[in-house]
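Peer 1: Sharing a structure here in structure tokens format.
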Amino acid sequence: MTILLTICFRIILFFIGSVFLADSIYLLLQGKIHIGIVLPFLMGSGFVFIALAWQFLHGYLGQHPILQSAYFILWGLFAIWLISFAVFIYQLKIHMQAQTNITSPVRAIIVLGSGVIQGQPSPTLALRLDRAAELAKQQPQAWIVLSGGLDFAETVTEAQVMATYLQQKYGLSRQHMILEDQSTSTELNLKNSAVLLAQHQIDKDMPIAIVTSDFHTIRAQAIARKQQYRHSIMFAAETPLQTRYNAWLREYFAFISGKILREY
């Protein structure tokens with residue numbers, strides 16, 4: 001029975017590791033490098049190695065008690081981390097389900113940037129812009145703030161790319177758009193957008209919609225509150241399936257680092 005359980009565990013470990021590796025390599029080949037990709041790559045490599053070298057590894061550890069203890073401690077720490085990640089995802093999914101509709105009027109719509117690829121919105125950013133256009137059609141009186149600076153290796157700012165996308169795909173007027181083209185983070189997105197909105201007699205006490213990806217709504221709302229957006233309303237866009245789980249993992253660490261850096 002023990003041998004059968006070991007074989008099953010190794011098969012499961014190999015399968016999970018292979019999925020992690022395939023997903024990470026696919027995204028790395030697209031030029032994406034962040035902790036939500038690198039960590040699954042490292043975890044996948046480790047899982048595949050353990051599954052394939054099980055007998056050699058455990059034989060070696062059996063001869064080195066200190067390393068064997070460290071090995072089991074690492075598995076224990078991984079289990080604790082996995083539980084904390086599961087709790088985070090559970091809370092995130094509950095929050096995502098509540099950010100789907102806006103029925104009351106808003107004075108402005110802030111669209112948070114999410115990357116440009118060769119002069120075009122990334123799939124994640126495109127979905128945010130689609131949601132923003134949907135809201136803008138419903139509330140044509142609202143100013144649209146497009147927030148994003150110059151990405152690495154790009155020649156046009158993210159805000160400009162966003163404006164062009166909304167003009168070409170949805171026919172929205174450029175005259176009702178405000179381009180915030182200096183920011184490189186969510187914190188700066190909101191900080192710089194507030195300055196530009198103030199020039200149009202819109203302050204942070206007024207109802208303002210913030211459009212971002214579903215996985216990002218908890219942290220974005222927390223940052224907005226820290227910056228005294230007293231009537232901010234999250235409007236969530238779906239995350240593309242090919243990057244969804246990596247985005248959740250990245251957001252887990254971003255949420256923790258935001259707490260440490262006192263972004264909220």
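Taken together, the values in this text are just the output of simple stated rules run on the coordinates, not laboratory data. Since we're looking at a predicted model, the values are computed, not measured. When we count neighbours, we look across all protein chains shown, and the Cβ atoms used for this are built from the backbone with ideal geometry, even at glycine.
Peer 1: Give the residues of the stretch 2-42 whose amide nitrogen is closer than 16 Å to a point set 7 Å from the Cα of Trp54 in the direction of its Cβ.
Peer 2: Correct set: 2-18.
Peer 1: Roughly what % antiparallel, to the nearest 5, for the DSSP beta bridges in the chain?
Peer 2: 10 percent
Peer 1: Angle, helix 65-97 long axis vs. longest principal axis of the chain, Cα atoms, 0 to 90°, nearest 10?
Peer 2: 30 degrees
Peer 1: Counting alpha carbon pairs within less than 8 Å and at least 6 residues apart, what relative contact order, in whole percent, applies to the stretch 1-56?
Peer 2: 48 percent
Peer 1: For the chain, with only Lys/Arg (+1) and Asp/Glu (-1) charged at the beta-carbon, what is the dipole magnitude about the Cα centre, in debye rounded to 20? Provide the component values of the computation, followed by the final result.
Peer 2: On the way: 19 positive and 15 negative charges, 83 e Å.
Value, rounded to 20: 400 debye.
Peer 1: Cα-based Rg (one decimal) and Dmax (whole number) for the chain, in Å?
Peer 2: 22.2, 73
Peer 1: Output needed for the stretch 53-137: three equivalent-ellipsoid semi-axes, defined as square roots of 5 times the C-alpha gyration tensor eigenvalues, in descending order, whole Å.
Peer 2: Working: eigenvalues 472, 69, 16 Å².
The answer is 49, 19, 9 Å, longest axis first.
Peer 1: Just the number, please: Stokes-Einstein D of the stretch 146-210 in µm²/s, Kirkwood Rh from C-alpha pairs, 4 °C, 1.567 mPa s.
Peer 2: Answer from the Stokes-Einstein relation: 103 µm²/s.
Peer 1: Please compute the contact order of the stretch 1-149 in relative form: average sequence separation of alpha-carbon pairs under 8 Å and at least six residues apart, divided by the residue count, as a percent.
Peer 2: Once normalised by length, the contact order is 17 percent.
Peer 1: Give the cross-link partners of Lys169 among the aspartates and glutamates, using a straight C-alpha distance below 14 Å as the criterion and excluding same-chain residues fewer than 8 apart.
Peer 2: Asp130, Glu134
Peer 1: If you find the alpha carbon centre of the stretch 1-44 and of the stretch 53-104, how far apart are they in angstrom?
Peer 2: First find each Cα centre; the distance between them is then 13 Å.
Peer 1: May I pose another question? Need one number for the stretch 2-97: average projected area of the convex hull over its C-alpha atoms, nm².
Peer 2: Value for the stretch 2-97: 8.1 nm².
Peer 1: First obtain the Kirkwood hydrodynamic radius of the stretch 189-262 from its Cα pairs, then insert it into the Stokes-Einstein equation at 4 °C and 1.567 mPa s, and state the resulting D in µm² per second as a whole number.
Peer 2: D = 97 µm²/s.
Peer 1: Given contacts defined as C-alpha pairs under 8 Å and at least six residues apart, what's the relative contact order of the chain, whole-number percent?
Peer 2: Computed over the chain, the figure is 19 percent.
Peer 1: Next question, about the same structure. Which FRET efficiency value, to the nearest 0.05, do you get for Gln138 and Ala86 by plugging their Cβ-Cβ distance into 1/(1 + (r/R0)^6) with R0 = 35 Å?
Peer 2: Plugging the Cβ-Cβ distance into 1/(1 + (r/R0)^6) gives 0.45.
Peer 1: Continuing with the same structure: Just the projected area, averaged over all directions, of the convex hull on the alpha carbon atoms of the stretch 108-260: how many nm²?
Peer 2: It is 8.5 nm².
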